[in-house]
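The values are calculated or read from the model by the stated rules, or taken from the named source; none is laboratory data. What you are looking at is a predicted structure, and each value in this text was computed from that prediction instead of being measured. With ideal geometry, Cβ positions are generated from the backbone for all residues, glycine too; neighbour counts draw on all protein chains shown. When the accessible area is computed, the model is the full protein with side chains, heavy atoms only, and any ligands, DNA or RNA have been set aside. Shrake-Rupley method; radii C 1.70, N 1.55, O 1.52, S 1.80 Å.
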Amino acid sequence: MELGNEKETGLVSYFRASCFIGGSIFAGAAFAKHHVQKVEMSASSSSLAAKERSMSESSRQAKKAPSESEAQASADSSTMSSESHTNKSSVNLTAAQAEKINQAFNNWAGERAKIGHMAVTDWYFDHGAAGRGDWYADSPDGEIQVQNQDNPGKAGFKIHSLGGCVFYKSKSGKIGQQDLSAESSMAGNYSVDMNFDKPISKYLLGDNGVVYELKLGNGSPASTNTGFGEYDDGEYISEYAPDETFQVSEDAAAQAELKALIAQYQ
């Protein structure tokens, strides 16, 4: 608007001067008015064009927004789909039912270990002297309770362990299911017959129907409490947190076996 007023003032002064010089004040004033109106119309036209451009740009942005929103929704949907198998609700099982599932899974694992010329033990978790808190493992789906001492208690965990096993290479050449806990002690632990130079896999059976796996060995020692942590009287303390994180196992056969065993109680 300021630019319009400056033009208007300049033109009026110019045409007034012309009128005095030509001796026709009336004609000059009429001519000036005509040109001032043209300037005002031009300024109005420019303002209208600017508004139309602004509205057009807003319209394009409005049309673009739903597209971005839909893309995000599509990505979220894809992510949920890929993770759906790990987000199932826990199944409420009794201690006896959990033990049966664990034993059946270990029997199945024993036969599988023979095929791979490996040994397997159900001594997947144990600890020596410790506090009075619950023991648990970390996973992409949340903490998994492996021992309940009511600190914080079963309700404090999204997932609970039904049991587990450990696949390993025996130093003495044994294959299939082994009672490693009977052969060793907390002091000797896995080192009694487990070859740490070879791959070691801890399997953790979640009551959400998912098998979690922790890959160890390959030159690094392992023990019964590797991968597990403890709540200190029900309180989280980083010093006692798990030193490793279990991942969703890529063993499709193991996943199918656990689901089939749990299905008997649903």
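What the table shows:
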| item | result |
| --- | --- |
| Residue pairs meeting the criteria (Cβ under 8 Å; at least 6 apart or on separate chains; first more than 11 Å from residue 203 (Cβ to Cβ), in the range 154-165; second assigned to a strand (DSSP E or B) and polar (S, T, N, Q)) | 154/145; 156/145; 157/145; 159/145; 160/145 |
| Verdict on residue 234 being modelled with pLDDT under 95, more than 24 Å from residue 109 (Cα to Cα) and touching a Pro at 6+ places or on another chain (Cβ under 6 Å) | yes |
| Every residue from the range 170-199 that is exposed (fewer than 14 other Cβ atoms within 10 Å of the Cβ), in contact (Cβ under 8 Å) with a residue 40 or more places away in the chain and closer than 17 Å to residue 128 by Cβ | 186 |
| Count - residues of the range 148-200 that are aromatic (Phe, Trp, Tyr) and touching an Asp or Glu at 6+ places or on another chain (Cβ under 9 Å) | 2 |
| Tally of residues being assigned to a helix (DSSP H, G or I) and closer than 19 Å to residue 194 by Cβ across the range 218-266 | 0 |
| Residue check, residue 244 over 20 Å from residue 106 (Cβ atoms) and at pLDDT 95 or above | yes |
| Filter pass, residue 215 being of a type in the set (Lys, Arg), touching a residue at least 12 places away in the same chain (Cβ under 8 Å) and part of a strand (DSSP E or B) | yes |
| Sole residue being of a type in the set (Asp, Glu) and closer than 24 Å to residue 261 by Cβ, chosen from 150, 179 | 179 |
| Test: residue in the range 211-220 that is open to solvent by 60 Å² or more (accessible area, probe 1.4 Å) and at pLDDT below 95 | no |
| Pairs with Cβ under 8 Å, 6+ apart, first in the range 123-143 and without any contact (Cβ under 8 Å) to a residue 40 or more places away in the chain, second open to solvent by less than 30 Å² (accessible area, probe 1.4 Å) and assigned to a loop (DSSP other than H, G, I, E, B) | 142/157; 143/157 |
| Residue 140 vs. criteria farther than 20 Å from residue 116 by Cα and in contact with a helix residue (DSSP H, G or I) (Cβ under 8 Å, 6 or more places away or on another chain) | yes |
| Strands (runs of 3 or more DSSP E) wholly inside the range 88-152 containing at least 1 residues that are among the polar types (S, T, N, Q) and buried (at least 20 other Cβ atoms within 10 Å of the Cβ) | 119-121, 144-147 |
| Selection from the range 153-202 of residues that are of a type in the set (A, V, I, L, M, F, W, C), under 23 Å from residue 104 (Cα atoms) and part of a loop (DSSP other than H, G, I, E, B) | 175 |
| Residue within the range 152-173 that is farther than 18 Å from residue 248 by Cβ and touching a helix residue (DSSP H, G or I) at 6+ places or on another chain (Cβ under 6 Å) present | no |
